[in-house]
Each structure stands twice: as structure tokens, then as C-alpha cells.
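The values are calculated or read from the model by the stated rules, or taken from the named source; none is laboratory data. Small disclaimer: the values here were computed from a predicted structure and weren't measured. To get the accessible areas, we keep the full protein, side chains included, count just its heavy atoms, and leave off ligands, DNA and RNA. Shrake-Rupley method; radii C 1.70, N 1.55, O 1.52, S 1.80 Å.
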Amino acid sequence: MTGASGTPNTPDAEGASGAERAERAGRRARTDRTDRTDRTDRQVRAVRIGPRSAAALGIVSAIGVAAFGWPLLADSASGLAHSGDAPWLFAALLPLLLAVAVAAVADTGLDAKAVAMLGVLAAAGAALRPLGAGTAGLEPMFFLMVLSGRVLGPGFGFVLGAVSMFASALLTGGVGPWLPFQMLSMGWVAMGAGLLPGPHSLRGRRELALLAAYGAVASVLYGVVMNLQGWPFISGLASGISHVPGDPLEVKLAKFTAYVLATSLGWDLPRALLTVVLTLTVGGTVLRALRRATRRAAFGAPAAFTGAPFARSEGGNAES
């Protein structure tokens, strides 16, 4: 006898009919496909962060925090508080530190495939940024940086954010003392996306919701920290929101909050809204494309060379 599908119903040694054996085989095949999908959808660390690169990232981040936060933390008795050279000093120092950090990360794991991926994504990010330049702060490159950091890991994310911002500045002519701060801030944005929870298991709508929420917060915080960089440059102006080095911390915080509300919040909120909309609408497609590209690139796969074909093509002896 045969089943409805034409499978013989003769019991096997374990007493299972052909239909039952076919059903078990189908379940095993589906399980194998699920396991393969889970393995291939795991977050790929296109750049491995070793001890040296981690130390370099930690140092440049610590100095970056000091570069952004010194206007609030320096008191009236500090020589730095009365110095107008501090913003320029940090602007000159940060590019050197960023170069050291990027070089350290690249030296520990940026192979040819990672360089190619970095070039493509950095070019895409640089091309996306001018699309919204000058239009209520709309910058579509933020969602790409967040999704790329999520898929390719924090090390790759930091390098991608810094390089993308540098490339976009060259493209738009936005080179100035603010550029190192922008590069560091965007590096933090993309690196933070790579450090979000559930990189190997969280998928679907929950992952998109997480990335959208992170992108919104990161977009606003990016504007806030960039305001910290620019705020000291208006010291001495006849304005109630100007930076005065000798003010107490609570007065500085009040003035800075007013400065943010008056100057950039109207740009920061639309940037956050656009990031959320793009993540929720096209984020799934972009994530699948990035993960498919990383699977094909096979980052971290050991290179295997066979001597025989090479030897034969050179006319040599494969066994020599």
C-alpha cells in the first residue's frame, strides 16, 4: 500500500510507516535550514577588536568626552576655563587620535574584504548626507550607519562612521575645526549600534523597533554633543545663552539647554524622525541585504590554498 503522496506505507525496522519517515525527514530538513539561517544571520565582526585596538578606542573616546565636555566641567579657577584656545587645541588633537585609533583597528583585522565593504558603505553614507543638507536637519545617512553597525559589529561601525563623515565633508566642502568632532560622534553612533543587545538572536519587528529607538536617541544626542563643541565659540557675545567660563555648573547647564532649544533642536528632532521612518520602512530590506553581503564575503573564514593547481599552472611538481 501507498500513502496519499505515493510513499510506501511499509513499516520499517522501528515500526514507522513510509509517511511517518517522510514527515520526520521533512522536520529534520526544516530544522537544518533553520540552524543554518541562525548561524549565517549571526552578527559578523568584520573588524576584530583586539586589546590594542580596544585600548586605542578607549583612549580616543575618553579624550573625546573631555573635548566635548570641558565647557561644562571647567570651573572659574581653572586656567582652561579662561583659555580661548581649548576648542582649537582639541580640534587639532582629535584628528591625530582618530588616525591612531583607526590605524589600530585596521591593523588588527581590516582585511581586503572588509576594506571593500567599508569603501562601499562609506561612499553610500557620504552620498546620502547631502540629500538632506540644509533641509530641517534631515540626514538619511544616520539610519545606514545604525544598520551597518548592527550587522558588522562595533569595530567596523566606528571606522565606518568616522570615514563616512570625513568623506561627506570632502564631498560637501564641510571641512573645518568641527570635522574631527563630527567624525568621532558618528563613530560613536555606529559603534553603539554594534553593541546593542541581541545581535545574534533578535530579529524581525522587535529588532527594527530597537534600532529605530536607538537611531532616534542617537540622532538627538549627536546634535547635543555637537552643540557642546560649538557653544564655546560664541563666548563673549552679548547673549544670555553665551558660554561664560566662570559661571557655576547649574548656570552653564541652563544656558546650554537654552542654546540647544534655540539653535538645533528643530534640526535634531526631524533627523530623529527620519531615522525612525527609514528604519521601520526599509530597514528590514537593508538588514537582509547587508547580512547577505556579509555571508558572501565570509569575513573571518580561513584562507585555504591548494598547491596542486598552482603547481600545474606554473609547470612545476605539485608534490615537490
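Go through region 205-218 residue by residue and turn each phi into a ³J(HN,Hα) via Karplus (6.51, -1.76, 1.60, θ = phi - 60°); whole Hz please, and just put x for glycine and proline.
Running phi through 6.51 cos²θ - 1.76 cosθ + 1.60 with θ = phi - 60° gives 5, 5, 5, 4, 5, 4, 5, 5, 5, 5, x, 5, 5, 5 Hz.
Quote the accessible area belonging to residue 188 in square angstrom, nearest 10, computed with a 1.4 Å probe and with ligands, DNA and RNA left uncounted.
Surface accessible to solvent at residue 188 totals approximately 60 Å².
In whole Hz, what ³J(HN,Hα) sequence does region 281-287 give by Karplus (6.51, -1.76, 1.60; θ = phi - 60°), x for Gly and Pro?
In residue order, the calculated couplings are 8, 10, x, x, 5, 5, 4 Hz.
At a probe size of 1.4 Å, how large is the accessible area of residue 120, to the nearest 10 Å²?
100
Using only the heavy atoms of the protein chains and a 1.4 Å probe, how would 143, 166 rank by accessible area, largest first?
Ranked from most to least accessible, the order is 166, 143.
Within the accessible area of region 144-281, what % is carbon and sulfur when the probe is 1.4 Å and the other protein chains stay in place?
75
What ranking of 261, 196 comes out by heavy-atom accessible area, probe 1.4 Å, highest first?
261, 196
Under 1.5 on a/c is rounded, so check that first for region 160-255, then, if it is not, pick prolate when a/b is larger than b/c and oblate when it is not; a ≥ b ≥ c are the square roots of the alpha carbon gyration tensor eigenvalues.
Oblate, because a/c is 1.5 or more while a/b does not exceed b/c.
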